[in-house]
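Trainee: Quick one: this structure, given as structure tokens, is what I'll be asking you about.
Every number in this text was worked out from the coordinates using simple rules, so none of it is lab data. Computed from a predicted model, the values in this text were never measured in an experiment. Neighbour counts are summed over all protein chains in view; Cβ atoms, including those assigned to glycine, are modelled from backbone coordinates with ideal geometry.
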Amino acid sequence: MGVMTRWLDPDEQRTWRAYLTASRALMEALDRELQRDAGMPHAYYEILVRLSEAPQRRLRMSELAQVSGSSRSRLSHAVARLEAEGWVRREECPTDRRGQIAVLTDEGFATLAAAAPGHVEGVRRHLFDALPPTQVDQLRRISEALAAHLTGS
């Protein structure tokens, strides 16, 4: 005997579709703007941000994959592209011969600093300007609850 499928009711279906449409459209708009203004996709921007916030602007590749929400192979490909741009360099890990450390270069930091104002303005324009403060608070609480549920933290 199979498990009974818990189909979405009409309100849940509308909510799911609205969430999908909004989240895709938001990420596509931010990605398009970063590509146009900074010559990089949002995923690369996220990697540069995570490195910029890390001590000495460096993280083990495995930790960088985790905090940037990327698979190791996708991250490795992205870091190779960022290395080719001169924005990131890889170093061997002194405590683990198999591990590598990604380091944000000065050029990478400057690129991020130049891209950040336009990106932040895009986030503000596409997300926060569209919502009253009560909905921003609700969105934060909903997002935190989902993140905790999905990451088990």
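Trainee: Which value at 222 nm does the chain reach when only helices count, each DSSP H run of 4 or more adding -39,500 (n - 2.57), with the total divided by all residues and rounded to the nearest 500 deg cm²/dmol?
Mentor: Numbers: 6 runs with 102 residues, N = 153.
-22500 deg cm²/dmol, from helical runs alone.
Trainee: Next question. Identify which of the listed values of log10 I(q)/I(0) by the Debye sum over Cα atoms at q = 0.10, 0.11, 0.16, 0.19 Å⁻¹ was calculated from the structure shown: (i) -0.30, -0.36, -0.80, -1.16; (ii) -0.38, -0.45, -0.91, -1.19; (iii) -0.48, -0.57, -1.01, -1.24.
Mentor: Given (i) -0.30, -0.36, -0.80, -1.16; (ii) -0.38, -0.45, -0.91, -1.19; (iii) -0.48, -0.57, -1.01, -1.24, the calculated one carries the label (iii).
Trainee: So, one more: Counting other C-beta atoms within 10 Å, which of Trp7, Trp87, Trp16 has the fewest, and how do the rest follow? Display every interim value, and only then the final one.
Mentor: Numbers: Trp7 7, Trp87 23, Trp16 11.
Going from least to most buried by this count: Trp7, Trp16, Trp87.
Trainee: On a 0 to 90° scale, report how tilted helix 106-126 is relative to the longest principal axis of the chain, with both axes built from alpha carbons and the result rounded to the nearest 10.
Mentor: 20 degrees
Trainee: Rounded to the nearest 10 degrees, what's the angle between the helix 42-53 long axis and the longest principal axis of the chain, both from Cα atoms, 0 to 90?
Mentor: Taking the Cα atoms of the chain, the angle to 42-53 is about 60 degrees.
Trainee: Once both axes come from the Cα atoms, what is the angle between helix 10-38 and the longest principal axis of the chain, in degrees from 0 to 90, rounded to 10?
Mentor: Value to nearest ten degrees: 30.
Trainee: Figure the gain on full extension for Leu139 and Arg74 (residue separation times 0.36 nm, minus the Cα-Cα span) and round it to one decimal in nm. Present the calculation step by step, with values, prior to reporting the outcome.
Mentor: Working: separation 65, 0.36 × 65 = 23.40 nm, distance 2.87 nm.
Full extension of this stretch gives 20.5 nm more.
Trainee: Which FRET efficiency value, to the nearest 0.05, do you get for Arg58 and Leu150 by plugging their Cβ-Cβ distance into 1/(1 + (r/R0)^6) with R0 = 22 Å?
Mentor: Values: r = 28 Å, r/R0 = 1.26.
Working from the Cβ atoms, E equals 0.20.
Trainee: Continuing with the same structure: About its Cα centre, how strong a charge dipole does segment 24-115 have in debye, to the nearest 20, once Lys and Arg get +1 and Asp and Glu get -1 at the Cβ? Mind showing how you got there, number by number?
Mentor: Values: 14 positive and 14 negative charges, 72 e Å.
Dipole of segment 24-115, to the nearest 20 debye: 340 debye.
Trainee: To the nearest 0.05, how large is the calculated FRET efficiency for His126 and Asp96 if R₀ is 30 Å and r is the Cβ-Cβ distance? It would help to have the intermediate numbers written out before the result.
Mentor: Details: r = 41 Å, r/R0 = 1.35.
Approximately 0.15, to the nearest 0.05.
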